[in-house]
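To start, the structure itself, in structure tokens.
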Amino acid sequence: MTKPWLEELSCATHCSRCQRRLQSADLRILSVYDHHAICMQCKNDEESRDDYQETSKSIAEQCLINSESGIGDPRGYCYHHFYPYQCASPR
């Protein structure tokens, strides 16, 4: 998932859920439901869902299976499902 993460998701220009425009400095995070970049308000909404804990645990487990770097690598795709990030390059 490295290539799509770097090319498509790391500097998403809009929240995939609410379509709010995201500036380079805005925090964003990957959804545990569809793996798309979302704004922090949508992440808060996501965390309030009844199935969030189970879904996020499943994503963490799957990341450990599928990724050599695991959840703790800040350069990794899995990490950004749980830790907010900013676009690394200005648009």
Residues satisfying the stated conditions in region 13-27, i.e. assigned to a loop (DSSP other than H, G, I, E, B), without any contact (Cβ under 8 Å) to a residue 60 or more places away in the chain and closer than 23 Å to Cys78 by Cβ: Cys15, Ser16, Arg17, Leu27
Subset of region 21-38 [surrounded by fewer than 16 Cβ atoms within 10 Å (Cβ to Cβ) and in contact with a His (Cβ under 8 Å, 6 or more places away or on another chain)]: Arg21
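Any residue at all in region 60-83 that is modelled with pLDDT of 90 or more and out of contact with any Gly (no Cβ under 6 Å at 6 or more places or on another chain)? Full working, then the answer.
We begin by selecting, within region 60-83, every residue modelled with pLDDT of 90 or more; these are none.
The answer is no; no qualifying residue exists.
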Hits in region 39-60 (condition: under 22 Å from Cys11 (Cβ atoms) and open to solvent by less than 40 Å² (accessible area, probe 1.4 Å)): Cys39, Cys42, Lys43, Glu46, Ile59
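The values are calculated or read from the model by the stated rules, or taken from the named source; none is laboratory data. Everything numeric in this text was worked out from a predicted model, so none of it was measured. Neighbour counts run over all protein chains shown; Cβ positions are idealised from the backbone, glycine included. Ligands, DNA and RNA are excluded from the accessible area calculation, which covers all protein heavy atoms including side chains. Shrake-Rupley method; radii C 1.70, N 1.55, O 1.52, S 1.80 Å.
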